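The values are calculated or read from the model by the stated rules, or taken from the named source; none is laboratory data. If you're wondering where the values come from, they're calculated on a predicted model, not measured in any experiment. FYI the Cβ positions are ideal-geometry reconstructions off the backbone, even for glycines, and counts take in every protein chain you see.
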């Protein structure tokens, strides 16, 4: 479910199904130019939560997501690439989304502000 209607494709990204390429890292394991962009905040037997931070010019290498809920703490303008193409999205603080999973995507912050998201992944 989207809040404020502004995140329609932002990170749900036209999910190409729930199956991910096994060679791709998860969002938590993926980075940008050899540096981590996501930090594990919490994990137990039923869920894990990560905070991902994207300063201007930084991004997230190609990775996959299992089903997850996300919340934008600090907004940014992100260029997001999926199998369907590339889109630019102005992501607003306070918006949230649900995704059933993303086979792959990659993103880069093309704006002037640092973007910060929470990603919550239920474990099945």
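Which of the numbered conditions does residue 93 fail, given that it passes all the others? Conditions: (1) within 18 Å of residue 57 (Cβ to Cβ); (2) part of a loop (DSSP other than H, G, I, E, B).
(1)
In this structure, is residue 56 modelled with pLDDT of 95 or more and either at negative phi or under 13 Å from the mean Cα position of the chain (by Cα) (or both)?
For residue 56, the condition - modelled with pLDDT of 95 or more and either at negative phi or under 13 Å from the mean Cα position of the chain (by Cα) (or both) - is met.
Being surrounded by fewer than 16 Cβ atoms within 10 Å (Cβ to Cβ) and in a loop (DSSP other than H, G, I, E, B): is that true of residue 111 here?
So residue 111 does not fit the description; no.
If we scan the stretch 5-15, do we find a residue that is at pLDDT below 50 and loosely packed, with under 13 Cβ neighbours inside 10 Å?
Yes, the stretch 5-15 contains at least one residue that is at pLDDT below 50 and loosely packed, with under 13 Cβ neighbours inside 10 Å.
Kindly provide the set of residues from the stretch 84-94 that are over 13 Å from the mean Cα position of the chain (by Cα) and either closer than 28 Å to residue 123 by Cα or at pLDDT below 95 (or both), ordered by number.
Selection gives 84, 92, 93, 94.
Take the stretch 72-85 and flag every residue that is out of contact with any strand residue (DSSP E or B) (no Cβ under 6 Å at 6 or more places or on another chain) and in a strand (DSSP E or B).
Once the filter is applied, which keeps residues that are out of contact with any strand residue (DSSP E or B) (no Cβ under 6 Å at 6 or more places or on another chain) and in a strand (DSSP E or B), the stretch 72-85 yields only 85.
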